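J.: This structure is in structure tokens; I'll ask about it shortly.
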Amino acid sequence: MHILVVEDERALCEAIVRSLRRLAYSVDFCYDGDKALALLGVERYDLVLLDLNLPGADGMTVLRTLRQKDRDTKVLILSARSAVSDKVEGLDAGANDYLAKPFHLEELAARIRSLTRRRFTQNDVVLTCGQVAFDTKSRTATAGGQELSLTRKELGILEYLLLHQGCPVSQEELLDHVWDNRVDHFSNSIRVHISALRKKLRAALGFDPIRNRIGEGYVMEEEKP
């Protein structure tokens, strides 16, 4: 999943980014509202973690500007403002959740899982397709009952394909949702990581559950009897 962290407390921002990247999320970050608006204007995110007290445009301005043109991207407010009135204002302005500071990174991860499942109408913590399973809590994957040793990008690709199983996912969509904004869109990074993931799945299952539909994209499917 592609996440934007907007937090002006640099130590906290960096701690959140490190934690999320360890969980195989693709993460961009910035320290002020103006930069956040610029990133939201050119990048597609599944979730925005948004502080309210920001230099430049404040968090509420960022939220309201985003919601003028985008009702789908999930927004989780992270704020030291813990009054009920502040939470109500944020939720009424279009935020999907509100987490008061200080908070534990474990709780933040749980809130993200919840919002992600809502985004893709996925209710179970474990995503499955045939013999392939991905635990969104532990961020581990298994195939044929054995745990897979996957890189962060391979985990991200697998999660996204499982969330969209049966539907073709293009390379461009994977770049938007699994890579951060540092990726070179003209590189063959997607093909390299897809190839490595398919090789590991084939070794564990004896077949490849990922199909490449020419002109459409990659599809995760159960093995046909």
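J.: Tell me what the chain gives for mean residue ellipticity at 222 nm when only DSSP H runs of n ≥ 4 count, each as -39,500 (n - 2.57), the sum divided by the residue total, rounded to 500 deg cm²/dmol.
T.: The per-residue figure over the chain is -13000 deg cm²/dmol.
J.: Using a 1.4 angstrom probe and counting only protein chains, how large is the accessible area of Thr65 in Å², to 10?
T.: 50
J.: What is the pair-distance distribution P(r) of the stretch 56-107, computed from all Cα-Cα distances in 5 Å bins starting at 0, with each bin given as a whole percent?
T.: Values per bin, smallest distances first: 4, 20, 30, 24, 15, 6, 1.
J.: After finding the eigenvalues of the alpha carbon gyration tensor for the stretch 134-225, what semi-axes result from the square roots of 5 times each, listed largest first in whole Å?
T.: Equivalent-ellipsoid dimensions as semi-axes: 20, 16, 12 Å.
J.: For the stretch 1-101, place one equal point scatterer on every Cα, skip the solvent, and apply the Debye formula. What is log10 of I(q)/I(0) at q = 0.12 Å⁻¹?
T.: -0.33
J.: Straight-line reach from Lys199: which lysines have Cα under 17 Å away, leaving out those fewer than 8 places along the same chain?
T.: Candidates past the 8-residue exclusion: Lys153.
J.: Moving to a separate point now. By how many degrees, between 0 and 90 and to the nearest 10, does the Cα long axis of helix 152-163 differ from the longest principal axis of the chain?
T.: 80
J.: Here's a follow-up. Any chance you could give the angle, 0 to 90 degrees and rounded to 10, that helix 33-42 forms with the longest Cα principal axis of the chain?
T.: The helix 33-42 is inclined about 30 degrees to the chain.
J.: So for each of 3-9, 32-38 I average, over its residues, the number of other beta carbons within 10 Å; can you give me the resulting order with the highest mean first?
T.: Result, highest mean Cβ count within 10 Å first: 3-9, 32-38.
J.: To the nearest 10 Å², what's Arg213's accessible area with a 1.4 Å probe?
T.: 80
J.: Return the ratio Rg/(2.2 N^0.38 Å) for the chain, where Rg is computed over Cα atoms only.
T.: Working: Rg = 18.2 Å, N = 225, 2.2 N^0.38 = 17.2 Å.
Normalised Cα radius of gyration, the chain: 1.06.
The values are calculated or read from the model by the stated rules, or taken from the named source; none is laboratory data. These figures come from a predicted structure and were not determined experimentally. For neighbour counting, all protein chains shown are included, and Cβ atoms are generated from backbone atoms with ideal geometry for every residue, glycine included. With ligands, DNA and RNA removed, areas are computed over all heavy atoms of the protein, side chains included. Shrake-Rupley method; radii C 1.70, N 1.55, O 1.52, S 1.80 Å.
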